[in-house]
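Structure first, then comments.
Laboratory data are not the source of any read-out in this text; all were calculated from the coordinates shown. Quick caveat, the model's predicted, so the values are computed rather than measured. A quick note on method: Cβ atoms are made from the backbone with ideal geometry, for glycine too, and the neighbour counts reach across all protein chains shown.
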Amino acid sequence: MIPLAVPNMCGNEAKYLQECIDTNFVSTAGQFVPRFERMVADMAGSKLGVATSAGTTGLQLALSAVGVGRDDLVILPSWTFIASANAIAHCGALPWLFDINPESWTLDTELLAHSLNIEAEKRDNGVFHKLSGRRIAAIMPVYTLGLPAKMQSLVPIAKKWGLPVIADCAAALGATIEGKPIGQLDADLSVCSFNGNKTLTCGGGGAVVGDSKKLISKVKHLSTTARVGVNYDHDVVGFNYRMTNISAAIGCAQMENAKMLVAVKRRIASRYNEEFKDLDGVGLFPSPNWAESACWFSGIQILKRNNCITDLIKHLQDQGIGTRSFWKPMHHQKPFKDAPATTMETTELLWPSILTLPCSTNLGEAEQTQVIDAVKEHLRK
């Protein structure tokens, strides 16, 4: 079996895990958590970081830190993994779902500017959605497949309306816009995931990074049950969203090889693009000239509807090749079917056509050739 995306434990993971066991620091105390926080913040180009139990909990903490609360709206692209919308819901808020840009498959900033001008209004106590009467509390761009949203046009819109930006950069560590890493793209806070299928993994976990000491301190405080001092005093309702030292130990070992692992991901994506660029009925994952993706997932877009993607998936799986379709948009998900939403022209065309292909960082050249040959064989029939 050639798996779709599995971890690559190629460094000091076993050594650091054994150190956790030898020292008995297996829970949330220990040297690896603060070390991991520094390493992630450094790679993101941010001043500070907080490790969390998951990317989803990191998003909830970041949203809470900027004041998102019950009955608020948070602007979100509909084409994302459901964790993005779930984090909003965990704050008691609701996503305002937006279409994506066909150039980058991220939040359509032109549509964002137009929709805010038509459907929102500023009041003394914030920005409000006219139709629902809900306060618009934040914007959450998603760095889809490791490619940043077009922050150079999104951030000015956010500033015009006075809206904080929480970037869901789950798999984008290592990505850049015009040479700037994800922590320098002017989001108030950015949130990474270290789930098992990410390029860099802790087995599970997340991290919130940013430059604001006030916001990062609030995230840290909320993540540690909002405990004040050494006694059992708590000043607000907090969460137990801390990362364990064991998870951070794996993360530190992964971060030591981060640049190499991201480079391998890009090399895999580049070869797929080269092999499939001239194949009739096939489109490539986006690669705009203003950004460099971290290439979390690689794959292709099946443009011809008569090339049924389910048949291709079955063909590949029958040959022992791990592959699958990708995210079903939020406006098609039962928990968010009643959320306010824009028209979804690009999203509706895109999401049924995506096929992800094996892209583990330990994928061999011969294995990738096998994948490429199997795809071509089926599509040429």
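Assorted remarks:
- Working note: Karplus 6.51/-1.76/1.60 with θ = phi - 60° gives the range 309-319 the couplings 5, 5, 5, 5, 4, 4, 4, 5, 5, 5, 9 Hz, where Gly and Pro are set to x.
- Antiparallel DSSP beta bridges within the chain, percent to nearest 5: 65
- GNM flexibility winner over the chain from Val26, Val228, Val371 (Cα, springs under 10 Å): Val228
- In this simple spin-label approximation, Leu349 and Lys381 carry label points 7 Å from Cα along the Cα→Cβ vector, and these lie 2.8 nm apart.
- Label-to-label distance, Arg227 versus Lys15, with points set 7 angstrom from Cα along the beta-carbon direction: 3.2 nm.
- Cut-off under 5 Å, modelled amide H: who pairs with Arg242 long-range: Ser53
- Cα-projected label distance for Lys180 with Asp278, points at 7 Å along beta-carbon direction, nm: 3.9
- Extreme residue, positive dipole direction of the range 19-118, given options Ile82, Ser104, Gln31 (C-beta unit charges): Gln31
- Lys, Arg +1 and Asp, Glu -1 on Cβ, resulting dipole of the range 39-137 about Cα centre, debye, nearest 20: 380
- Under 5 Å between amide hydrogens, built in the peptide plane, is the criterion, and for Val127 it picks out Ile136 among residues at least 5 positions away or on other chains.
- Between Cys20, Trp161, Val236, the Cα set farthest toward the positive side of the dipole of the range 13-256 (charges on each charged residue's Cβ, about the Cα centre) is that of Val236.
- Calculated from backbone phi, Karplus (6.51, -1.76, 1.60) coupling profile of the range 24-40 in Hz, x at Gly/Pro: 6, 8, 10, 9, 8, 8, x, 6, 6, 5, x, 5, 5, 4, 5, 5, 5
- Equivalent-ellipsoid semi-axes of the chain, from the Cα gyration tensor, Å, largest first: 33, 29, 17
- Under 20 Å of direct C-alpha separation, and excluding same-chain neighbours fewer than eight residues apart, Lys47 reaches these aspartates and glutamates: Glu37, Asp168, Glu178, Asp186, Asp188, Asp211, Glu256.
- Once the Cα-Cα distance is subtracted from the 0.36 nm per residue extended length, the Arg267 to Arg324 segment shows a gain of 18.4 nm.
- Cross-link partners of Lys337 among lysines (Cα-Cα below 21 Å; sequence separation of 8 or more within a chain): Lys130, Lys328
- Pairwise centroid distance, computed over Cα atoms, of the range 193-212 with the range 71-111, Å: 20
- Hits among lysines - C-alpha to C-alpha of Lys376 under 21 Å, sequence gap 8 or more where chains match: Lys277, Lys304, Lys314
- With θ taken as phi - 60° and the Karplus curve 6.51 cos²θ - 1.76 cosθ + 1.60 applied, the whole-hertz 3J(HN,Hα) list for the range 176-184 is 9, 10, 6, x, 8, x, 4, x, 10 Hz, x standing for glycine and proline.
- Remark: the chain carries a charge dipole of roughly 500 debye about the Cα centre, counting +1 on each Lys and Arg Cβ and -1 on each Asp and Glu Cβ.
- Three-way shape call for the range 152-284 based on the alpha-carbon gyration tensor, with the a/c threshold at 1.5: oblate
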